[in-house]
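What follows is one structure encoded as structure tokens, with my remarks underneath.
Bear in mind these aren't lab numbers, they're just calculated from the coordinates by the rules spelled out. Bear in mind the structure is a predicted one, so any value in this text is a computation, not a measurement. Note: ideal-geometry Cβ built from the backbone for every residue, glycine included; neighbour counts use all protein chains shown.
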Amino acid sequence: MEHAAVVADRGTTAAPAVPFFTQAASFTALWPAVKANLDAVVDRGKYSHGPLVGRFERALAEHIGARHVIGVNSGTDALVLLLRAAGLQPGDEVVVPAFSFVASASSVVLAGGRPAFADIDPVGYGIDVSTVPVTAATRMVMPVHLFCQLADLGAVTAFAQRHALTVVEDSAEAIGMRWDGLHAGLHGAGGVLSFFPTKTLGALGDAGAVITDDDRIAETAAALRHHGRFGRTLDNFPGISNETVLPGLNSKMDDVQAAVLLAKLATLDADIARRATLAEQYTRALRGCPGIRRLPTVQHRDADTNPVFYVYLVEVDHRDALAAYLAAHSVGTETYYPVPLHLQPCFAHLGYRRGQFPHAEAACAGALALPLYPDLTESQVDRVCSLVRAFYGGGGA
Ligand SMILES: *Cc1c(COP(=O)(O)O)cnc(C)c1O
């Protein structure tokens, strides 16, 4: 396995590259455990509907304290299945923040509903429910937990109760995050997890899960991932019925991904701790740096509400120029998320205009994610921070 940094560096004398993301070293260390699980899949000869998905679901449910984990093939599918299982009807409105990954809102459309956008709180980046008009069609609210912390679930829950709305959480990024001791995704009808490779618990390709404490939602989501077939579908797949009650998807989690995720789950807590250490190093090194408008600010931190650094996001002046400067020095960055959802062409028919959600628009224009993953070294973080300081003329590199 050749390390991306080594490849990028060949033939130059520059400092080694800092990729935006890699888990090559983690996978190398974990490979014996991954391989043993993969061998079990191959030896058994059951390449779908195998036992590893059920094993992973039970292990993860125990780890996060959820009653049900339903493995599916992506976080996006998990959102669609959750919305449908939670009872979304054609034409229902779902309140979604305008600053998020596009799947938060496209899942609503795919499930037959209509997104109603809200602005965000400019410090924590969570949904600001005071910015959306509730109509007769409003049925659900979807807080999205972005980058390192949960949206303000106190405000979201009060808003949902006041208007009799169902809370569905886009907790795709939020594995390990808790509010009042309860894991993300379990504060309303249910939530989702994404195991896209860059996520805190990343697979070797696409995978996701619906998580819920509600038996009926779990049963429906489990049926919907397998063509709408009800039966004893929760304990993975045995004894499934052939009757199709709801039109479903084929969105089963692959046993190959479950084999990888089962092995990686063992290092999840250590990975989260490593991310926190590196995030602190960034914050120490970048505090007071001219040009940086905002460092990650954890708003709710107590014994029962813990953040998890999935992404280290800064808001800066001249964002695109900084990204280009870092790229020229072989440092990868990513813009989360460059286009606010209310201005995405796929939602143009909803009739939103620029200027309606100023905090979301400002975040889209200024936010930049720096490299953050367990394989990253302290000296790589130092190098990134020196380059950022040098770019803004604040000393360094
Ligand atoms: C990653 C992500 C998703 C989608 O998950 P996939 O597994 O990539 O389909 C949805 N919402 C948010 C906020 C995400 O970060």
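In table form, for the structure just shown:
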read-out	value
Cα centroid of the range 324-366 to Cα centroid of the range 45-66, whole Å	36 Å
Cα pair distances exceeding 20 angstrom across the range 243-397, given as percent	62 percent
GNM result for the chain, Cα springs below 10 Å: residue of Phe159, Phe147, Phe99 fluctuating most strongly	Phe159
Dimensions in Å of the range 330-397 - Rg and Dmax from alpha carbons	16.7, 48
Antiparallel content of DSSP bridges confined to the chain, in %, to 5	65 percent
Length gained when the stretch Thr377-Val298 is fully extended (0.36 nm per residue, less Cα-Cα span)	26.1 nm
Cα principal axis extents for the range 47-97, largest first, Å	38, 27, 19
Distant-in-sequence amide H partners of Val72 (H built 1.01 Å from N, under 5 Å)	Gly208, Ala209, Val210, Met253
Rel. contact order, % - alpha carbon contacts under 8 angstrom, at least six apart, the range 248-397	29 percent
Ordering of 211-222, 260-271 by burial proxy (mean other Cβ atoms within 10 Å per residue, highest first)	211-222, 260-271
Computed over the range 27-265: relative contact order in percent, which uses C-alpha pairs under 8 Å that are six or more apart	25 percent
Segment Cys346-Thr244, length gained on full extension (0.36 nm per residue, minus Cα span)	33.6 nm
Equivalent ellipsoid semi-axes, the chain, via Cα gyration tensor eigenvalues times 5, rooted, Å	34, 28, 17
